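Here the structure is laid out as structure tokens; the discussion comes afterwards.
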Amino acid sequence: YNIIHSLLFHYQYDELVIEVLNILKTISRSNIDIRDAFEPNGSKYISQIIKYQLDRDEDYNYIVILSCLTCIRTMNKSENNKVASMKNGLGSITINILTNEKDTNEWNMILKETCLVMRSLCIHDDIRREMSCAYDNGRFFINSSDIAKTLINYSNKFNQNASLAAAALLAARTLITTEESIKIMTQHGAMTLPKAILSYSLLFIKESSNPLDTITCVELTRSVCGLMRNLCADDERKSKLVYDGTLELLVYILNIQEFYGDWQLVEHALASLAAMSLRSPSNSIKIINFSAIDIVVKCMNKHIDRSSLLRQGCLLIRNIAARCTEYHTLLLDYGLENLLKLVGSKHIDCVDEAYGALRDLNIQVDRVKITEDGRVEAAYEHFGDTTSSNKNQLKFNPVFEESYLLSDRIESESRAPFALSKDDTNTSSNNHNHSHDHGHDHGHDLNDNHSCDCNHE
């Protein structure tokens with residue numbers, strides 16, 4: 001590996017560089033240790049090679065640039081490589097390539113791969129690290145002049161180059177992480193993309209007979225659903241997507257086999273529907289009126305092993321059930337009770353969402369846990385539950401009674417040390433009916449019945 005690494009010094013030799021990069025990409029794709037060993041100088045060499053090729057103007061070797069981009073995209077799965085790539089100027093190189101549009105097939109391939117490199121820099125995919133530079137990298141790109149506009153322009157070319165549009169949509173989605181970024185994207189036309197692309201996909205899938213074209217169409221639709229998922233984080237814009245026809249198109253898409261067979265597309269679609277229904281009864285009713293629940297149930301049963309997809313479906317049902325109680329019977333008629341119970345029992349990371357949906361549908365469900373010795377116990381204890389198997393359960397029964405004699409009841413039930421009886425209280429009161437404002441110690445306590453011998457003025 002060190003020998004291959006050192007060959008990158010010879011970046012003037014195109015064929016040698018291509019072979020070295022292809023080997024690096026191949027051996028590091030499934031080996032995290034090799035990716036970790038790429039730095040400290042790997043991204044520096046990649047940046048030098050790309051700059052060298054771009055400086056050659058029309059004489060550039062597009063295969064070399066493509067090899068560099070695909071290699072660094074693989075390496076960016078490690079967090080250290082993301083950091084090093086940005087430090088060595090890959091962010092600026094990415095912007096330079098994307099804003100330099102050339103009308104050639106070779107350059108379009110470079111543009112597509114550059115969009116995917118940008119995405120790799122802006123997602124947190126190294127699960128070994130709790131923190132990531134992905135958010136800061138996204139802010140670097142979204143605050144760069146023209147980059148949002150450029151990505152939306154490439155996305156709008158979906159009927160000319162669907163593959164490039166899909167990659168641009170993926171990159172645009174990773175940049176939408178804040179309300180500010182949503183505003184920037186919508187200023188350049190991001191809100192018009194979902195309806196336009198979904199309409200195009202519905203017509204294209206009916207007319208297409210080429211399997212490769214169908215795959216590209218599904219990729220495009222998946223990408224725009226991902227973008228829509230992030231746009232729906234804004235309440236105002238999600239309602240616009242509900243009422244401008246996008247919601248209806250999305251429901252149609254989920255009812256076509258080529259689309260609902262792709263679990264990632266379905267997950268994005270269900271997440272969008274869940275966001276649309278959140279805190280919005282009117283949007284929830286729209287979703288019901290378009291017969292979306294029947295299709296959602298079908299999609300969840302189709303992908304019953306995909307926990308992340310099922311979680312979004314549970315959130316959608318819960319959001320609707322919580323705000324639209326008059327539709328509970330209708331929702332249950334779709335078989336949601338059995339489906340939610342199956343999801344909750346099959347996937348531990350969906351338990352909370354499935355249980356919440358069942359609860360909001362007014363279905364009694366007991367959450368249980370399996371102990372180390374295999375026994376089934378309640379997942380949590382109710383206050384005052386005397387039927388619990390917990391050995392440390394409470395030793396009293398909570399009583400809920402109204403009383404207007406609270407002080408007498410407290411006094412009669414008092415068991416504190418040195419508590420006064422009623423007679424003692426009266427005696428003490430009679431013997432100490434004078435004020436003790438003088439500044440010396442009497443040498444007796446409050447229960448002492450001896451009279452005070454002090455002279456008072």
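Give 205, 184 a once-over and let me know the one that is closer than 22 Å to residue 256 by Cα, surrounded by fewer than 23 Cβ atoms within 10 Å (Cβ to Cβ) and of a type in the set (A, V, I, L, M). Talk me through it step by step, then tell me what you get.
Working: 184 fails: closer than 22 Å to residue 256 by Cα.
It is 205.
Taking only pairs six or more apart or across chains, which ones have beta-carbon atoms under 9 Å, a first residue in segment 28-42 that is among the aliphatic types (A, V, I, L, M), and a second residue that is open to solvent by 50 Å² or more (accessible area, probe 1.4 Å) and part of a helix (DSSP H, G or I)?
Short answer, once both residue conditions are applied: 34/27; 37/2.
Could you give every pair whose Cβ atoms fall below 7 Å, whose first residue belongs to segment 149-164 and is open to solvent by less than 70 Å² (accessible area, probe 1.4 Å) and part of a loop (DSSP other than H, G, I, E, B), and whose second residue is β-branched (Val, Ile, Thr) and at pLDDT 95 or above, counting only separations of at least 6 or pairs across chains?
Hits for this filter: 158/197.
Return the residue satisfying two criteria in turn: it lies in segment 264-280 and is over 15 Å from the mean Cα position of the chain (by Cα) and open to solvent by 10 Å² or more (accessible area, probe 1.4 Å), and of such residues it is farthest from residue 292 (Cα to Cα).
Looking at the filtered set, the residue picked out is 279.
Could you list, in sequence order, the residues of segment 221-241 that are over 18 Å from residue 313 (Cβ atoms) and either in contact with a Lys or Arg (Cβ under 6 Å, 6 or more places away or on another chain) or among the β-branched types (Val, Ile, Thr) (or both)? Show your work before the answer.
Applying the first criterion (over 18 Å from residue 313 (Cβ atoms)) to segment 221-241 yields 221, 223-224, 227, 230-231, 233-237, 239-241.
Correct list: 221, 224, 227, 230, 231.
Does segment 281-292 include one or more residues that are open to solvent by 10 Å² or more (accessible area, probe 1.4 Å), of a type outside the set (Asp, Glu) and within 21 Å of the chain's Cα centre (by Cα)?
So the first thing to find is which residues in segment 281-292 are open to solvent by 10 Å² or more (accessible area, probe 1.4 Å), and the list is 281-282, 285-286, 288-291.
Those still in the list that are of a type outside the set (Asp, Glu) too: 281-282, 285-286, 288-291.
Adding the requirement that they be within 21 Å of the chain's Cα centre (by Cα) leaves none.
No.
If I ask for residues that are among the hydroxyl-bearing types (Ser, Thr, Tyr), open to solvent by 60 Å² or more (accessible area, probe 1.4 Å) and more than 14 Å from residue 301 (Cβ to Cβ), which ones from segment 331-358 would you list?
Hit for segment 331-358 is 345, nothing else.
Please work out if residue 222 is touching an Asp or Glu at 6+ places or on another chain (Cβ under 9 Å) and under 24 Å from residue 199 (Cβ atoms). Can you show your working first?
Values: touching an Asp or Glu at 6+ places or on another chain (Cβ under 9 Å): yes; under 24 Å from residue 199 (Cβ atoms): yes.
When the stated conditions are applied, residue 222 passes them.
Kindly indicate the residue of segment 235-263 that is of a type in the set (D, E, K, R) and part of a loop (DSSP other than H, G, I, E, B) and also farthest from residue 304 (Cα to Cα) among those meeting that condition. Full working, then the answer.
In the first step, residues of segment 235-263 are kept if they are of a type in the set (D, E, K, R); the result is 235-238, 240, 244, 248, 258, 262.
Now narrow it down to the ones that are part of a loop (DSSP other than H, G, I, E, B): 244, 262.
Values: 244: 31, 262: 13 Å.
Filtering segment 235-263 for residues that are of a type in the set (D, E, K, R) and part of a loop (DSSP other than H, G, I, E, B), the one farthest from residue 304 (Cα to Cα) comes out as 244.
Residues in segment 13-30: is at least one over 20 Å from residue 122 (Cβ atoms), at pLDDT 90 or above and in contact with a Leu (Cβ under 7 Å, 6 or more places away or on another chain)?
no
Considering (1) basic (Lys, Arg); (2) in contact (Cβ under 8 Å) with a residue 40 or more places away in the chain; (3) loosely packed, with under 14 Cβ neighbours inside 10 Å, say which one residue 56 fails and leave the rest.
Single failed check for residue 56: (2).
Only one residue in 364, 312 is part of a helix (DSSP H, G or I), of a type in the set (S, T, N, Q), open to solvent by 10 Å² or more (accessible area, probe 1.4 Å) and out of contact with any Cys (no Cβ under 9 Å at 6 or more places or on another chain), so which one is that? Lay out the reasoning, then the answer.
Values: 364 fails: part of a helix (DSSP H, G or I).
The unique qualifying residue is 312.
Filter segment 222-241 down to the residues that are of a type in the set (D, E, K, R), open to solvent by 30 Å² or more (accessible area, probe 1.4 Å) and out of contact with any Phe, Trp or Tyr (no Cβ under 9 Å at 6 or more places or on another chain) and list them by number.
Quick first cut of segment 222-241, residues of a type in the set (D, E, K, R) only: 222, 229, 234-238, 240.
When the remaining residues are screened for being open to solvent by 30 Å² or more (accessible area, probe 1.4 Å), the result is 222, 229, 235-237, 240.
Once the filter is applied, which keeps residues that are of a type in the set (D, E, K, R), open to solvent by 30 Å² or more (accessible area, probe 1.4 Å) and out of contact with any Phe, Trp or Tyr (no Cβ under 9 Å at 6 or more places or on another chain), segment 222-241 yields 229, 235, 236, 237, 240.
The values are calculated or read from the model by the stated rules, or taken from the named source; none is laboratory data. Note that the coordinates shown come from a computational prediction; the quantities given were computed from them, not determined experimentally. Neighbour counts are summed over all protein chains in view; Cβ atoms, including those assigned to glycine, are modelled from backbone coordinates with ideal geometry. For accessibility, only protein heavy atoms count, side chains too; no ligands or nucleic acids. Shrake-Rupley method; radii C 1.70, N 1.55, O 1.52, S 1.80 Å.
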